[in-house]
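Please read the structure below before turning to the comments.
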Amino acid sequence: MTIQDIEKERLYTASLASLPGLGSRRICALIGRFGSAAAAWDASAADWQDAGIPETVGTALTEARSRYDWDEQLRLLSRYHTKLVALWEDDYPQLLRETYNPPPILYYQGALPQFPKAAAIVGARKATPYGRNAAQTLAEQMAHSGIAVVSGGARGIDTKAHLGALAGKGITCAVVANGLDTAYPPENKALFADIIEKGGSVVSEYAFGVRPLAMNFPARNRIIAGLCRCVVVTEAALRSGSLITADFALEEGRDVFAVPGSIYSEMSKGTNALLRKGAIALTGIEDILSEYGWYAEEGEQSALPFALTLLEEAVLEALSCDQPMSQDELVVKTKLPPSQLSPLLLKLQLYGLIEETGSTSYVKKPVQ
């Protein structure tokens, strides 16, 4: 096919995916039946019915097709700097193509999500400091080792995973559950822009205008799992959506790693349950590197680019990575007056060594 023919087929595949009532498998079946996405789009309702589309669905599809605005589709692709890749193209992500139900079309901003080494990091939106620190630390270490980090762009663990990968000067991919004309959650709009600017990508199977509805997230999770060799669950409650991602990974023969958590934490019950069911315990990046031979080159880890004063070191030493400590508790532990402690805490935050988790409560961020 010529470049024009390929682009035309991409657009027709996207147009089919935008029609209500057509899932991924049905779209692929129609394209296979009629020989191309363009032919499937132009088929009559009777032809669709012969191909297995119920009459009521075919009627709805015909009406939706008559309202489809091709010019608006092209305008939105240009406005939101979005490209398309179809399942039948050689550039389609190979690991995702091998899954049971790959999306027939991917919308993406930034680089095409093709990764020689990739791992997903997922977990709770309402994560604890322990979970957030674990996600960011692991993602940064993966980035140092040349592993692309894939996550869902959501609040909590997902955001920390993307930030960790960026801090490690690596590549990260956010797979979202809505059209790429919308940033969700809205506070991550700048993060998505940074991901793209640093060579990563924001990916969706959904057409422009699709909102981040609850029913879209499980389908989104299969793409996160499908793009990667393994899925890392850092923190999850028993009914967490992250466990759906883990299930997709297992169904596709991908490995699932789980970060052990406290037996007293509700947010670790999901990960601990995964471990009981046979997930690989993840206690550090070495567990992944040794599993696949994904070793970093020597000299990639770097020391802090600044020296700490003795007082800054004392405050940092007093904090832990998982249990927030209030400023009042730090006053007692460090024996420093509040007037002296406050500026030290501010400097350590600016250095990126500690994080404020609530009203004057802090945790230490593990240093790479």
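Scanning residues 5 or more positions from CYS321 or on other chains, those with amide H under 5 Å from its amide H are LYS364, with H placed 1.01 Å from N in the peptide plane. Accessible surface calculations at 1.4 Å, restricted to protein heavy atoms, place the chain at 47 Å² per residue.
Arranged from highest to lowest average of other beta-carbon atoms within 10 Å per residue, in what order do the peptides 102-112, 11-21 appear?
102-112, 11-21
Of the listed residues MET215, MET142, MET325, the order by accessible area with a 1.4 Å probe, largest first, is MET215, MET325, MET142. Roughly how many percent of the accessible protein surface of region 311-368 is carbon and sulfur, given a 1.4 Å probe and a whole-percent answer? Whole-percent figure for carbon plus sulfur exposure: 55.
Phi angles across region 278-288 convert, under the Karplus curve 6.51 cos²θ - 1.76 cosθ + 1.60 with θ = phi - 60°, into 3J(HN,Hα) values of x, 4, 7, 5, 10, 10, x, 4, 4, 4, 7 Hz, Gly and Pro given as x. When the convex hull of its Cα atoms is viewed from all sides, region 195-242 shows a mean projected area of 4.8 nm². Mean projected area of the convex hull spanned by the Cα atoms of the chain, taken over all viewing directions: 20.7 nm².
Remark: region 113-120, residue by residue, has Karplus-estimated 3J(HN,Hα) of x, 10, 10, x, 9, 8, 9, 8 Hz, where x stands for each Gly or Pro and the curve is 6.51 cos²θ - 1.76 cosθ + 1.60 at θ = phi - 60°.
What does the helix-only formula give at 222 nm for the chain: each DSSP H stretch with n ≥ 4 adding -39500 (n - 2.57), the total divided by the residues, and the result rounded to the nearest 500 deg cm²/dmol? Kindly include the intermediate steps, with their values, before the conclusion.
Working: 17 runs with 168 residues, N = 368.
When only DSSP H runs of four or more count, the value is -13500 deg cm²/dmol.
Comparing LEU76, PHE34, ALA237 along the charge dipole axis of the chain, the residue lying farthest to the positive side is ALA237, per the Cβ-charge model. Surface composition of region 18-60: carbon and sulfur atoms hold 50% of the protein heavy-atom accessible area at a 1.4 Å probe.
The values are calculated or read from the model by the stated rules, or taken from the named source; none is laboratory data. Computed from a predicted structure; not experimentally measured. FYI the Cβ positions are ideal-geometry reconstructions off the backbone, even for glycines, and counts take in every protein chain you see. Surface accessibility is based on the protein's heavy atoms, side chains included, excluding ligands, DNA and RNA. Shrake-Rupley method; radii C 1.70, N 1.55, O 1.52, S 1.80 Å.
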